[in-house]
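Structure record follows, encoded as structure tokens.
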Amino acid sequence: MAKYVFVTGGVVSSVGKGVCAASLGLLLEARGLKIAIMKMDPYINVDPGTMNPFEHGEVFVTDDGAETDLDLGHYQRFTHANLSRKSNVTTGGIYNAVIQKERRGEYLGKTVQVIPHITDEIKARIRALTTEADKDVDIAIIEIGGTVGDIESQPFLEAIRQFRLDMGRENVCYVHVTLLPYIAAAGELKTKPTQHSVRALRDIGIHPNVIVCRTGAKKLGAEQRAKIAMFCDVPDDAIISAEDISPLYAIPLNFKRQALDTTILNALQMEVGDSDLTEWEAVVEKLKTLNEEVRIAAVGKYIAHDDAYKSINEAFTHAGIANNCKVVLEWVDSEQFENGVTPEEKLADFDGVLIGPGFGTRGVEGKIKTMQYVREQKKPFFGICLGMQIAVIEMARNCLGLPQASSTEFTPDTPDPVISLLSEQRGIQDMGGTMRLGAYKCGLKEGTKARAAYGVDVIHERHRHRYEFNNAYLDQLEQKAGLVVSGLHPKGDHNLVEIIELADHPWFCASQFHPEFKSTPLVPQPLFRDFVKAALQGARNRG
Ligand code: GLN
């Protein structure tokens with residue numbers, strides 16, 4: 001029978017529960033266990049797909065096309081868990097399901113209430129992680145978003161409290177992640193907020209088995225550990241010091257040194273063999289010793305939120321591991337290229353240029369100027385999603401002589417809609433969950449850079465966009481712009497262009513899909529890897 005670990009957060013949000021849950025998943029897998037992992041988000045959006053990534057962070061996409069919280073990206077990068085629609089649940093999704101059941105008459109005669117109907121639905125979603133195709137899961141890890149004490153978290157906390165009663169004490173374990181603020185005047189880390197947070201948890205009937213303490217730059221001292229142990233009624237060895245650690249991928253090793261996995265396995269009364277973390281340790285070692293640097297400019301709208309392109313940042317780190325170099329990714333505001341600054345001035349010193357995903361018109365003209373510069377100056381270039389669309393627009397304007405070419409996203413009545421909606425997207429009014437989402441098959445063309453990067457003929461990569469390459473312009477672009485279509489999704493008489501490149505260029509590839517979602521430190525994504533390789537080559541040639 002499967003066992004369950006719940007990860008809750010206290011004191012503040014953004015305390016690192018996601019990385020903590022992912023690290024735990026990695027440690028348990030290293031002991032030979034099969035894990036499942038999910039995130040429960042207490043907000044009312046049905047999924048994060050309609051939220052602004054500049055405020056909320058990236059929207060992560062699964063193979064089956066769910067738009068999910070960015071913590072699933074950590075799960076993807078740290079573990080082998082199967083991520084799907086089942087792996088991210090929100091209050092909105094739960095209520096949606098319950099209300100639909102009510103309308104169908106499934107609760108006929110009953111008053112539908114938070115307890116038991118909402119909590120039952122939450123528990124059913126947790127159980128679904130370990131049923132059907134996932135029957136062989138040994139441990140499911142469930143991260144609860146938000147902070148203990150939030151009004152909107154309450155039904156989730158009540159459900160996970162009940163869950164232990166339903167499943168038996170030895171089958172459920174609770175991990176609470178908190179923050180210990182450092183007060184300079186006192187010269188110490190303060191445990192009081194953690195005590196309060198655990199008290200709030202115990203008020204609802206949850207007694208944590210483990211407390212993970214985020215302590216910033218400092219380590220947890222023996223004195224604070226003893227204090228937390230006494231006030232929170234948790235044994236010393238179940239209090240984990242989670243100081244800031246770099247690189248990020250070294251965090252699980254810090255937990256391992258403190259035997260977090262063993263403490264949890266003991267709480268769950270499981271006996272399993274010792275772990276093998278050799279591969280992971282090698283990655284961490286490598287990251288610590290990278291000397292050579294490659295500088296990539298990510299040209300786009302100004303972003304204030306570090307996590308808006310989390311998976312892209314990480315995919316570059318992985319590509320660096322593969323190429324033995326440190327990738328320095330710098331964001332360059334594309335709007336300045338619309339106001340007199342030339343791409344040459346800002347981009348000449350970079351070894352490669354990325355134009356990443358995006359929505360809306362702002363900064364687009366600056367990106368088109370950037371594109372002309374990298375194409376003509378033969379700078380290594382990688383485009384992702386909107387980046388591919390911009391490349392097509394630029395070539396149509398400057399190589400085909402169609403100065404008004406555009407995407408119908410930016411100019412609905414453009415005379416040359418080189419990027420436009422497929423007929424099945426026309427007329428869609430709802431914004432949530434209606435884009436081309438999830439993994440699509442893509443056939444690669446022999447002799448291209450994409451085929452060389454992947455080393456196989458057929459790949460599956462994840463999409464999240466509404467607009468597509470317009471095949472009406474394909475012949476002209478091939479003949480006059482030197483465009484090569486290196487990846488196609490076969491679709492009857494209307495194949496979809498998935499990857500484009502230029503033959504006469506050191507490295508110029510752009511994909512309609514989002515390759516960043518499948519990159520991991522152990523298996524760097526091939527396009528990112530080869531882009532960085534080309535950038536590094538260019539840097540070396542320049543000396
Ligand atoms: N805005 C474009 C579209 O919807 C690109 C989306 C993206 O870059 N993810 O097609």
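Below are the figures for this structure:
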item: In Å, descending, principal axis extents of the Cα set of region 117-204; result: 56, 27, 21
item: Alpha carbon Rg of region 195-320, scaled by the compact-globule rule 2.2 N^0.38 Å; result: 1.37
item: Mean Cβ count within 10 Å, highest first, over the residues of peptides 434-446, 139-151, 156-168; result: 139-151, 156-168, 434-446
item: Rounded tilt (10° steps) of 364-376 against the dominant C-alpha axis of the chain; result: 60 degrees
item: Size-normalised alpha-carbon gyration radius of region 271-338, reference 2.2 N^0.38 Å; result: 1.51
item: Pairs of alpha carbons in region 402-487 whose separation is greater than 22 Å (percent); result: 41 percent
item: Tail beyond 18 Å, pair distance distribution of region 111-261 (Cα, percent); result: 63 percent
item: Calculated FRET value between residue 14 and residue 184, using beta carbons and R₀ = 25 Å, to 0.05; result: 0.70
item: Local net charge near residue 288, Cβ-Cβ under 13 Å (Lys/Arg +1, Asp/Glu -1); result: 0
item: Distance between modelled label sites at residue 43 and residue 495, nm, 7 Å Cα→Cβ extension; result: 4.0 nm
item: Taking the C-alpha atoms of region 81-120, convex hull volume expressed per residue in Å³; result: 80 Å³
item: Spatial separation of Cα centroids for region 465-532 and region 93-115, in angstrom; result: 45 Å
item: Between 0 and 90°, nearest 10: helix 386-399 axis offset from the chain longest Cα axis; result: 10 degrees
item: Stretch gain in nm, segment residue 290-residue 428, where the contour uses 0.36 nm per residue and the Cα spacing is subtracted; result: 44.9 nm
item: Net lengthening on full extension, residue 245/residue 99 (0.36 nm per residue, minus Cα-Cα); result: 48.2 nm
item: Furthest towards positive pole of dipole, 109, 198, 423, structure part the chain, Cβ charges; result: 198
item: Long-range HN-HN contacts of residue 240 with modeled amide H, under 5 Å; result: 211, 212, 213
item: Proportion of all alpha-carbon pairs of the chain beyond 31 Å (%); result: 51 percent
item: Residue 324-residue 218 pseudo-label distance in nm [points 7 Å out on the Cα-to-Cβ vector]; result: 4.2 nm
item: Protection proxy ranking of 225-235, 20-30, 372-382 - average other beta-carbon atoms within 10 Å, highest first; result: 20-30, 372-382, 225-235
item: Whole-number Å³ per residue for the convex hull built on Cα positions in region 325-427; result: 114 Å³
item: Cα-based Rg and Dmax for region 324-364, where Dmax is the largest Cα-Cα distance (Å); result: 12.0, 38
item: Percentage relative contact order, the chain, counting C-alpha pairs under 8 Å, at least six apart; result: 15 percent
item: Crossing angle, helix 278-288 versus the chain [Cα axis fit, 0-90 degrees, rounded to tens]; result: 60 degrees
item: Burial order of peptide ranges 172-183, 456-467 (average beta-carbon count within 10 Å, highest first); result: 172-183, 456-467
item: Two-decimal Rg/Rh across region 29-82, once Rg and the Kirkwood Rh are taken from alpha-carbon atoms; result: 1.02
item: Cα convex hull of region 9-156 - mean projected area over all directions, nm²; result: 9.5 nm²
item: Gain in span if fully extended, residue 131 to residue 226, counting 0.36 nm per residue against the direct Cα distance; result: 30.2 nm
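The numbers here are math on the coordinates, done by the rules we state, and not lab data. The shown structure was predicted, so the numbers you read here are calculated from the model rather than taken from an experiment. Don't worry about glycine lacking a Cβ; one is built from the backbone with ideal geometry, like all the others, and counts go over all protein chains shown.
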